[in-house]
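Undergrad: One structure, as structure tokens, below. Some questions next.
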Amino acid sequence: MMEMLNPHCGVTRDARGVVQVMICNAGSLNILSSPVTDAMRDGLQRLAADRSIRVVVLRGQSEKSLIGGADIKEMAKLDQIAAEAFISRLRDLCEAVRNFPAPTIARMPGWCLGGGLEVAAACDFRIAAHDAHFGMPEVRVGIPSVIHAALLPRLIGWGRARWLVMTAENIDAPTALAWGLVDKVAPEGALDEAVEHTVKALLACGPEALRSQKALLRQWEELPLTESVNLSVKVFGESFLTDEPTRLMQEFVNRKR
């Protein structure tokens, strides 16, 4: 049964610690208006404190998209000050996704455009339907792609990121996979099975180790190489403050006998 954390953020949980976070009551394309954006950020921030959560799957209530983009009707009425407030809300939602302590998976049917693709880029994994489409259409409506569009060059390289944000042309799922924008494209009718395959892979890992690994990856994105290497030594040692290394290594050794 779905629990509504607020009018736009619904949550289902299973016994494994897998949480499905659903964008609700946001139209047929799960559009990010300011109320929806704030509600999703609030929901994710509330969930972040729950250490029993092993994996988060981000999804839309409508199967037409993960997120079809930010609300153009709302943006058309903005002035400079209101525009900065609007985009700051979306930045904060992307950061709530990016900094969520447990692994996050973007479940991507249909369309994922603009601000929606930025939210997806902030997830750890992106799994797309066979007929999904992706794009950054902002320049066609008179605005630049900003905030977490900055993740795109890191994911797909400068040339391909430049193509997306400057031509505003959409790409299909096979192209997105070839570019590295998504991690997996599901066969027709098998999106949930593909998501579940990744969920099971994550559940087979130590939960504390995964949280540490995710935190390291975020720091590696920002730090020089030598600092990243040296930072990792302390994190490695701290992993032995839990029982995970002893328990999981012994299980591995026992399987090899």
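None of the figures in this text is laboratory data; all of them are computed from the coordinates on show. Please read these numbers as outputs of a predicted model, since none were measured by experiment. Backbone-built Cβ (ideal geometry, glycine too); neighbour counts: all protein chains shown.
Undergrad: Which whole-number percentage describes the relative contact order of the chain, with Cα contacts under 8 Å and a sequence gap of 6 or more?
TA: Computed over the chain, the figure is 14 percent.
Undergrad: Can you sort Phe86, Phe252 from fewest to most other Cβ atoms within 10 Å of each residue's own Cβ?
TA: Phe252, Phe86
Undergrad: So what's the net charge close to Val19: Lys and Arg +1, Asp and Glu -1, counting the other residues with Cβ under 9 Å from its Cβ?
TA: 0
Undergrad: Projected onto the charge dipole of the range 102-190 (+1 at Lys/Arg Cβ, -1 at Asp/Glu Cβ, origin at the Cα centre), which of Gly110, Ala173, Cys123 gives the Cα projection farthest towards the positive end?
TA: Cys123
Undergrad: Okay, moving on. Take the alpha-carbon centre of the range 83-148, take the same for the range 1-30, and report the distance between them in whole Å.
TA: Answer, in whole Å: 17.
Undergrad: Please give the contour-minus-distance gain from Arg16 to Lys73: 0.36 nm per residue of separation, less the Cα-Cα distance, rounded to one decimal in nm.
TA: Net length gain for the segment: 16.5 nm.
Undergrad: Give me the net charge for the shell around Ala129: Cβ to Cβ below 12 angstrom, other residues only, Lys and Arg +1, Asp and Glu -1.
TA: Value of the local net charge: -1.
Undergrad: Quick one: check the C-alpha center-to-center distance for the range 35-57 versus the range 161-201, whole angstrom.
TA: If we compute the Cα centre of each part, the gap is 23 Å.
Undergrad: Continuing with this model, one more query. Tally the DSSP beta bridges in the range 3-156 and give the antiparallel ones as a percent, rounded to 5.
TA: 30
Undergrad: Still on this model: Around Leu66, what is the net charge, scoring Lys/Arg as +1 and Asp/Glu as -1 over all other residues with Cβ under 12 Å from its Cβ?
TA: Net charge around Leu66: +2.
Undergrad: Treat each spin label as a single point 7 Å out from the Cα along the C-beta direction, and report the Ala150 to Arg162 distance in nm.
TA: Placing both labels 7 Å beyond Cα along the Cβ direction yields 2.0 nm.
Undergrad: In deg cm²/dmol, rounded to 500, what helix-only [θ] at 222 nm does the chain give when every DSSP H run of at least 4 residues adds -39500 (n - 2.57) and the total is split over its residues?
TA: Helix-only estimate at 222 nm: -14500 deg cm²/dmol.
Undergrad: A further question follows. For the range 5-108, what does the alpha-carbon gyration tensor say about shape, rounded, prolate or oblate, given a ≥ b ≥ c as the root eigenvalues, a/c under 1.5 as rounded, and a/b over b/c as prolate?
TA: prolate
Undergrad: What ranking do Trp111, Trp163 get, fewest neighbouring Cβ atoms within 10 angstrom at the top?
TA: Sorted ascending by nearby Cβ count, the order is Trp163, Trp111.
Undergrad: If you don't mind, another one. Have a look at the DSSP beta bridges in the chain and tell me what percent are antiparallel, nearest 5.
TA: Beta bridges within the chain, antiparallel portion: roughly 35 percent.
Undergrad: How compact is the chain by the rule of thumb for globular proteins, expressed as Cα Rg over 2.2 N^0.38 Å?
TA: With N residues counted in the chain, Rg over 2.2 N^0.38 Å equals 1.04.
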